[in-house]
Amino acid sequence: MLTKTAVVIAQQSFPSSIQFLPKNGREQTVSTDTITMQHKAVDDMIAHGFNTIWVRNFSGAKAKDVIHYAQSKGMKVDFMTNGFELFNRYDTASVSVYSPKYAAAVKKQMDSGLAQLKEINQLYTVFPFQDEPFHGGPKSFDYSVYAQAEFLKRYQYPMPDSLETVKNDPKKWIDLLNFQSNTFRDGWFKVYNITKKFDPRAKIAMTHDSHNSFGAGVKSNSKIAIDDVFYWGGSFADVFVYDIYPYHTFDYRYGELGKLPKPRISQMHYAISQLRNVTTTYKKELGFWVGTYNEAWFTRFRGEERQKQYWAESELAYTAIAQGSNYLISPSNFTDTNIPMEESHWKDYGKSMTVIQKAGPGLLTAPKVKANACFLFPRTQYLLLQEEYFNVGLSFELFLRSFGELDILHEDQVTDDELNDYKILVLGDVKLLPQKVADRIESFVRKGGIVIADCLPQMDVYKQPLNSMKKLFGVSKAETKRVVQEGQWVPFTMLPPKMSFPPDEGQVNPPVRTDAIDANGFGNAYQFKVISPHAMEITDAKVLLAMKSGLPAVISKDLGKGKSYLFGFSLQDTYFQTYKDSSETSREQLRSLLTKVLADAQVPSHIHSSNPDIEATIRANKKEGYIFIINHESNTAETRVQIAGLEFQPAEIVDVENETPVSFTQKNGTTEFIITAPFGTTRLLKVLPGKSRIGK
């Protein structure tokens, strides 16, 4: 056991971890020069704003020296394992999680695999699970006698032999997928309890996959749509960490959208919002892997373009924290003191993290402000239709930029007509809903809620007509098709780029359908191309804007105290077209149209940035707030930010880095200021209800 030492990083309260992989870390001898070099490296990490060190095996003298010295300086330790669940993505579990022998088999592995925890004096997190878990297709399913017995107990009928045997029975199809997905969850719960008994200090962390468990499993690594993070829940970990892939290398969009991944940040915003929903609902901690530009992680993607993006680590870190993350891990390839491999990246990242640490413990007590609008994740549709639900991240991003804030609401959370107290529900490419969910949404609107959709949900869980949604939107029927996108583009630089999981040879997709808007509406003139128009038959809705063909572009209907809006075209397809055409004018017109619809709904947001490529996000409690300003890809450095509806009236806004005040105006409860953030920069502002110093 290490002896306790004085903590010297007390002021650095935001958990920020750096992965440490010393060369030849298992060597049993270490030179004085190496010790000196390693100690300087640890000091350098601390100087750059890091207070936690991430390790695997540290049995050698070289690695032990680093752990001892880091802890003597007040650093905590994250301990990574290869996982103890006895199951993986692609094969049937060696011991069924429902077997009476499962717990003993797990504990046997843990006794040796976690033995090194006894040598860690300042333990922060333990990762006892497989990295990025998901079911890699039906061959990973558990059909053991123990699983069959558990299935019978839960569903009151024998477990089907395969998916193929129930492909025409929606209920049994969903039951089998849900059960097989939850074999992972049930195993993790047991691993969690065993780990806690082994070392009660352990804060147990799980890393979630970048795409398979967020709607991008089908025809991807997972093969089929089966897993999602909210359905798994949060009973088996204390910290959930979203992985690094968005968007340093590629972000797993399908088809053309992967070849032209614009806007770059959309899939990160969409996926991390899903995981934030998990951690908020289950009162867990949200973490994020910040991918740094280094030899270990960028072997096949290295190139001049990414090398020059010295601001990339800061951009990702600030985005993650803005979106609710209270813990960062930065993987790196430790070679001497070169973390990451480019000094410009390391310098900028360190500068940003020292600003985060300067904000002090306030950030950790100021959660991301709950949005007034939410975006539905339709799990039943995902499982029954076996269609990707990931490219819809573009629609999510479009609404986020138009309104200023947006959360995720999982279908399983629609248990009453309150919809978790959200005021606006967004349905993006939703074609199928369970009848009980549709009924609650209708009741939500009648009581004053707002629903905005670009697709008419008109199938129930039996793929039969869903008439309640037709009445809600005031139509008798409507088309629901969008552009088919398949395959995931991998833009290697050191190898030939390729399309993973490409469409079947000879597959012919329907031609892309287009229309256009050239009309006045909401007090504005609109003129832009429309992709995937949806013909519809209106019953009692009002047409607010029409396309050139005469098809409705936007319709609305009052119902009780609330209102519904239905767009007559695919928002994700149309938004993407503005990037294909490099048309900022069309893009701004589309965003303006959504902004006007949202304004017509008369629901305010807590924060809004006038420049859509500069993110403004707020975290706040009852006494203070933090505004993150992040320029993602704008060559215009200025944006106008509006904030409203906080639990206190802002009286002071200060730039955390230099403690200089930010000028603002206030009118009708809205605080407004103009701020600059040139391309590649991030800023952190503190909002206070009265005069106060940053350090207080």
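Quick grid of which residues meet (1) at pLDDT 95 or above; (2) touching a Gly at 6+ places or on another chain (Cβ under 7 Å); (3) part of a loop (DSSP other than H, G, I, E, B):
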| residue | (1), (2), (3) |
| --- | --- |
| 456 | yes, no, yes |
| 461 | yes, no, yes |
| 469 | yes, no, no |
| 476 | yes, no, no |
| 483 | yes, no, yes |
| 492 | no, no, yes |
| 495 | no, no, yes |
| 503 | no, yes, yes |
| 506 | no, no, yes |
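List the helices (runs of 4 or more DSSP H) inside the range 180-293, counting only whole elements, that have at least 1 residues being hydroxyl-bearing (Ser, Thr, Tyr), touching a Phe, Trp or Tyr at 6+ places or on another chain (Cβ under 6 Å) and in contact (Cβ under 8 Å) with a residue 12 or more places away in the chain.
Hits in the range 180-293: 266-281.
Residues 329, 321, 339: which one is in a strand (DSSP E or B) and either touching a strand residue (DSSP E or B) at 6+ places or on another chain (Cβ under 8 Å) or at pLDDT 85 or above (or both)?
Values: 321 fails: in a strand (DSSP E or B); 339 fails: in a strand (DSSP E or B).
That would be 329, the only listed residue that is in a strand (DSSP E or B) and either touching a strand residue (DSSP E or B) at 6+ places or on another chain (Cβ under 8 Å) or at pLDDT 85 or above (or both).
Right, residue 204: at pLDDT 95 or above and surrounded by 23 or more Cβ atoms within 10 Å (Cβ to Cβ) or not? Before the answer, list the steps.
Values: at pLDDT 95 or above: yes; surrounded by 23 or more Cβ atoms within 10 Å (Cβ to Cβ): no.
Considered against the rule, which asks whether it is at pLDDT 95 or above and surrounded by 23 or more Cβ atoms within 10 Å (Cβ to Cβ), residue 204 comes out as no.
Table: residues versus (1) within 25 Å of residue 602 (Cα to Cα); (2) open to solvent by 40 Å² or more (accessible area, probe 1.4 Å); (3) more than 22 Å from the chain's Cα centre (by Cα); (4) charged (D, E, K, R).
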| position | (1), (2), (3), (4) |
| --- | --- |
| 407 | yes, no, no, yes |
| 416 | yes, yes, yes, yes |
| 419 | yes, no, no, no |
| 431 | no, no, yes, yes |
| 435 | no, yes, yes, no |
| 445 | yes, no, yes, no |
| 457 | yes, no, yes, no |
| 460 | no, no, yes, yes |
Within the range 512-534, considering residues that are exposed (fewer than 13 other Cβ atoms within 10 Å of the Cβ) and small (Gly, Ala, Ser), the one nearest to residue 485 (Cα to Cα) = 525
Looking at (1) closer than 27 Å to residue 561 by Cβ; (2) β-branched (Val, Ile, Thr); (3) open to solvent by 70 Å² or more (accessible area, probe 1.4 Å), can you tell me which one residue 451 breaks?
-> (3)
Do we have any residue at all in the range 353-371 that's at pLDDT below 95, out of contact with any Gly (no Cβ under 9 Å at 6 or more places or on another chain) and closer than 18 Å to residue 291 by Cα?
-> no
Go over the candidates 131, 91, 111, 142 one by one and state the one that is closer than 30 Å to residue 20 by Cβ, touching a Ser or Thr at 6+ places or on another chain (Cβ under 7 Å) and either at pLDDT below 95 or not aromatic (Phe, Trp, Tyr) (or both).
-> 131
Which of (1) closer than 24 Å to residue 380 by Cα; (2) under 28 Å from the mean Cα position of the chain (by Cα); (3) not polar (S, T, N, Q) does residue 492 not meet, given it meets every other one?
-> (1)
Across the range 462-485, the tally of residues that are open to solvent by 50 Å² or more (accessible area, probe 1.4 Å), within 29 Å of the chain's Cα centre (by Cα) and of a type outside the set (D, E, K, R) stands at 1
The residue that is surrounded by the fewest Cβ atoms within 10 Å (Cβ to Cβ), considering only those in the range 243-283 that are closer than 23 Å to residue 426 by Cα and of a type in the set (Val, Ile, Thr), is 281
Counted residues in the range 89-130 being part of a strand (DSSP E or B) and open to solvent by 40 Å² or more (accessible area, probe 1.4 Å) come to 0
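List the strands (runs of 3 or more DSSP E) inside the range 528-628, counting only whole elements, that have at least 3 residues being among the β-branched types (Val, Ile, Thr).
Values: elements: 536-538, 542-546, 552-559, 562-567, 607-609, 614-620.
Qualifying strands (runs of 3 or more DSSP E): 614-620.
The values are calculated or read from the model by the stated rules, or taken from the named source; none is laboratory data. Just so you know, these numbers come straight off a predicted model, no measurement behind them. Quick reminder, even Gly has a Cβ in these numbers, built from the backbone with ideal geometry, and neighbours come from all protein chains shown. Side chains included, ligands, DNA and RNA excluded: accessible areas come from the protein's heavy atoms. Shrake-Rupley method; radii C 1.70, N 1.55, O 1.52, S 1.80 Å.
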